[in-house]
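Below is one structure, written out as structure tokens; comments come after it.
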Amino acid sequence: MSSRASETSADDSRTLISSVLFLDIAGYSRLGVTDQIKMKQSFNDLLSSALTDIDARERVVIDTGDGAAVAFLGDPERALFAALAVFDNAGQLPVRMGINLGPVHVSRDINGQENVIGDGINVAQRIMSFAQPGQLFVSRTFYDTVQLLSGEYATLFQAVGGRTDKHARTHEVFAMNPAVRVARRAAEAHQRLRAQRRPAAARAAEGPATISDAGTHFIISGPSRESVEAELARLADEGAKTLAAPALVGAKWIATCENRRATMRVNVEKLGMKSIITAASREALEVKLKELLGFGARLDGEIELVDGLWTAVCDHPS
């Protein structure tokens, strides 16, 4: 899977904090060419399916030969949901994974495609290298972040202690609880069977999903996939975009979608003869920019994504 081409200018680059999912196929180099081709195609299909609900503008995918690295430019939950989707559907494919949250620099490579470098992706690779086939490891920084988003996320992992990489750097590592994979598969199968057997009235009696405001997005959780999908559909009718499809986390189904009120919120800070405009979405920023330009302001430089916020600078008319 090759890295995606950016729609921005060739000299566009930026540094930000990103969640990076690093994956590879264990034992890939020992396979014959024919088996490598078949296994890599299966891997590509698996990862593509896991990333289906994530906007291409919100991720950078890098092919590493025996695997891939994915930098998620938005919510850390997206990396977790993508990893869980791979985790659930890998089957016999010997995939190992690592997730880290850290600084990365997004820029163009020699072929003009977006590439990611920096400590954030380097550590993700090292965290993955500690894992065995079928394991998902995460760094301390990622673990601390996602458990603040939802206490249920913390129950997915267990501490495995410090691990030292080949550069003598020690990393505190958390592993996906081995019981989670079995529990998730069993729970999904059980819920599918129950859904087939119980009438609609009984499904409704389970109760609706609940919505938690997480700032730029909503977290929807419920007792069944149907209840979460119903809330997602309602929010989609209001214009919200799904960020992560429903997935079984612990005993609940959880998904995330845009908070349209937050994504359309724009902040304008005046500094002398200039204004700094920031917004959670490029769409909202461009609407405000159009308004300011209509009053005679002049755009100073390009629109950029800085620390997760779309940012532009305008000169005031003299």
Q: For Val86, indicate whether it is under 15 Å from the mean Cα position of the chain (by Cα) and either surrounded by fewer than 17 Cβ atoms within 10 Å (Cβ to Cβ) or in a strand (DSSP E or B) (or both).
A: no
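Condition check ((1) of a type outside the set (D, E, K, R); (2) open to solvent by less than 10 Å² (accessible area, probe 1.4 Å); (3) within 13 Å of Ala79 (Cβ to Cβ); (4) not in a strand (DSSP E or B)) across all residues:
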| site | (1), (2), (3), (4) |
| --- | --- |
| Gly91 | yes, no, no, yes |
| Val104 | yes, yes, yes, no |
| Ser107 | yes, no, no, no |
| Gly112 | yes, no, no, yes |
| Gly120 | yes, yes, yes, yes |
| Met128 | yes, yes, yes, yes |
| Gly134 | yes, no, no, yes |
| Val138 | yes, yes, yes, no |
| Phe142 | yes, yes, yes, yes |
Q.
Suppose we filter Gln147, Gln158 for residues that are surrounded by fewer than 23 Cβ atoms within 10 Å (Cβ to Cβ), in contact with a Phe, Trp or Tyr (Cβ under 6 Å, 6 or more places away or on another chain) and not in a loop (DSSP other than H, G, I, E, B); which single one remains?
A. Gln147
(Q) Pairs please, first residue from the stretch 228-246 and farther than 14 Å from Asp53 by Cβ, second anywhere and part of a loop (DSSP other than H, G, I, E, B) and of a type outside the set (Gly, Ala, Ser), Cβ atoms under 8 Å, 6+ apart in sequence or on different chains. (A) Ala230/Pro208; Glu231/Pro208
Q | Yes/no for Gly98 being at pLDDT 95 or above and either among the small types (Gly, Ala, Ser) or open to solvent by 10 Å² or more (accessible area, probe 1.4 Å) (or both) | A | yes
Q.
I'd like to check something: does the stretch 11-34 contain any residue that is modelled with pLDDT under 90 and in contact with a Ser or Thr (Cβ under 6 Å, 6 or more places away or on another chain)?
A. yes
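One line per residue, one yes/no per condition, for (1) free of Cβ contacts under 8 Å to residues at least 60 places away in the same chain; (2) on the phi > 0 side of the Ramachandran plot; (3) not small (Gly, Ala, Ser):
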site: Cys257; (1), (2), (3): yes, no, yes
site: Glu269; (1), (2), (3): yes, no, yes
site: Gly272; (1), (2), (3): yes, yes, no
site: Ile277; (1), (2), (3): yes, no, yes
site: Leu285; (1), (2), (3): yes, no, yes
site: Leu289; (1), (2), (3): yes, no, yes
site: Ala297; (1), (2), (3): yes, no, no
site: Glu302; (1), (2), (3): no, no, yes
Q. Say we look at the stretch 161-173 and pick out the residues that are free of Cβ contacts under 8 Å to residues at least 24 places away in the same chain and outside any loop (DSSP other than H, G, I, E, B); which of these is least open to solvent (accessible area, probe 1.4 Å)?
A. Gly161
Q) Tell me, which helices (runs of 4 or more DSSP H) wholly within the stretch 220-306 include 2 or more residues that are over 27 Å from Leu80 (Cβ atoms) and out of contact with any Cys (no Cβ under 8 Å at 6 or more places or on another chain)? A) 282-294
Q.
Let me spell it out: the conditions are (1) at pLDDT 90 or above; (2) out of contact with any strand residue (DSSP E or B) (no Cβ under 6 Å at 6 or more places or on another chain); (3) buried (at least 21 other Cβ atoms within 10 Å of the Cβ), and Ala71 meets all of them except one. Which number is the exception?
A. (2)
Q: For the stretch 59-68, name all the residues that are open to solvent by 10 Å² or more (accessible area, probe 1.4 Å) and more than 8 Å from the chain's Cα centre (by Cα).
A: Ile62, Asp63, Thr64, Gly65, Asp66
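The values are calculated or read from the model by the stated rules, or taken from the named source; none is laboratory data. All values derive from a computational prediction rather than experimental measurement. Cβ atoms come from the backbone with ideal geometry, glycine included; neighbour counts cover every protein chain shown. All accessible areas refer to the heavy atoms of the entire protein, side chains included, with ligands and DNA or RNA removed. Shrake-Rupley method; radii C 1.70, N 1.55, O 1.52, S 1.80 Å.
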